[in-house]
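The block underneath contains the structure these notes are about, expressed in structure tokens.
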Amino acid sequence: MLNSLNSLRNMDFVSMLLRLVLSCACGAVIGLERSYKNRPAGFRTHILVCMGACVAALTGLYMYLVMKLPSDISRISSQVISGLGFIGAGTIIVTKKLTIKGLTTAAGLWTTGIIGLAIGSGYYEIGLVGTVLVMLTETWFARLGAHIKRMPAYNIELMYNQKTSLDEVLRFCKDSRMDIVNLKIHTLEEGSEAQYIAAVSLRGSKDCNDLLDEIRSMPGILNASGV
């Protein structure tokens, strides 16, 4: 705790104005980085979330310390944290390739709101440190995360004429330590013999070409190819 800031923790106009301005500044710093990367929630959204959370914290403190109302000063803040989940959910999207985007932005919005609560409560130090750490996470840590080795993912398409063939393929994938991420099946009628097509999403360390070669040799498999 910095003793020089103790005089700014009182519930006077100057202190409350400083908290609002500081919450706007912290939200703007985080929002600028998100806007630069063309994320769904950018500059203005982060400012509003941080400032709104600050106002909520100030209101709770004002009701309890100044108005002397029999209120729980933490209740408003807890509702803000819950409400931020709905805002963050709006930034999360699922792409056509079944990948999820927007989780970092949603988490950043949630954290920005909590930073606003901290500043509004007069905890200037933790609000500023939190802002710096969020910026490091969304910039420097993003570069570090790009170098993390990830398990490769494959999308394969199978054509087969025996229903049990797919079970054998899935069992083989599991035995090969491949995770089955997604599976879609539809029937293709050709003449008197029913044929089936399955789109399988896999994740694992086994080479895709070796995997396909072994699947093609299984009984009932008409074709197996990478997508």
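General remarks:
- GNM flexibility winner over the chain from Ala25, Ala107, Ala153 (Cα, springs under 10 Å): Ala153
- Pairs of lysines in the chain (C-alpha under 30 Å apart; 8 or more residues apart or interchain): 27
- Estimated purely from DSSP H runs of n ≥ 4, each contributing -39500 (n - 2.57), the mean residue ellipticity at 222 nm for the chain is -17500 deg cm²/dmol once divided by its residues.
- Cut-off under 5 Å, modelled amide H: who pairs with Leu222 long-range: Met159, Tyr160, Asn161
- Taking 0.36 nm per residue of sequence separation and removing the Cα-Cα distance, the Cys208/Asn223 pair yields an extension gain of 3.9 nm.
- GNM result for the chain, Cα springs below 10 Å: residue of Gly127, Gly90, Gly113 fluctuating most strongly: Gly90
- Percent breakdown of C-alpha pair distances by 5 Å bin, ordered from the shortest bin, for the chain: 1, 6, 12, 12, 11, 9, 7, 7, 7, 7, 6, 5, 4, 3, 2, 1, 0, 0
- When only Cα pairs below 8 angstrom with a gap of at least 6 residues are kept, the range 153-226 shows a relative contact order of 47 percent.
- In order through the range 127-134: 3J(HN,Hα) via Karplus (6.51 cos²θ - 1.76 cosθ + 1.60), integer Hz, x for Gly, Pro: x, 5, 5, x, 4, 4, 5, 5
- When only alpha carbons are used to place a centre, the range 54-79 and the range 146-207 end up 56 Å from one another.
- Counting all C-alpha pairs of the range 110-227, share separated by more than 26 Å (%): 48
Coordinate-derived values only; no laboratory data. Just so you know, these numbers come straight off a predicted model, no measurement behind them.
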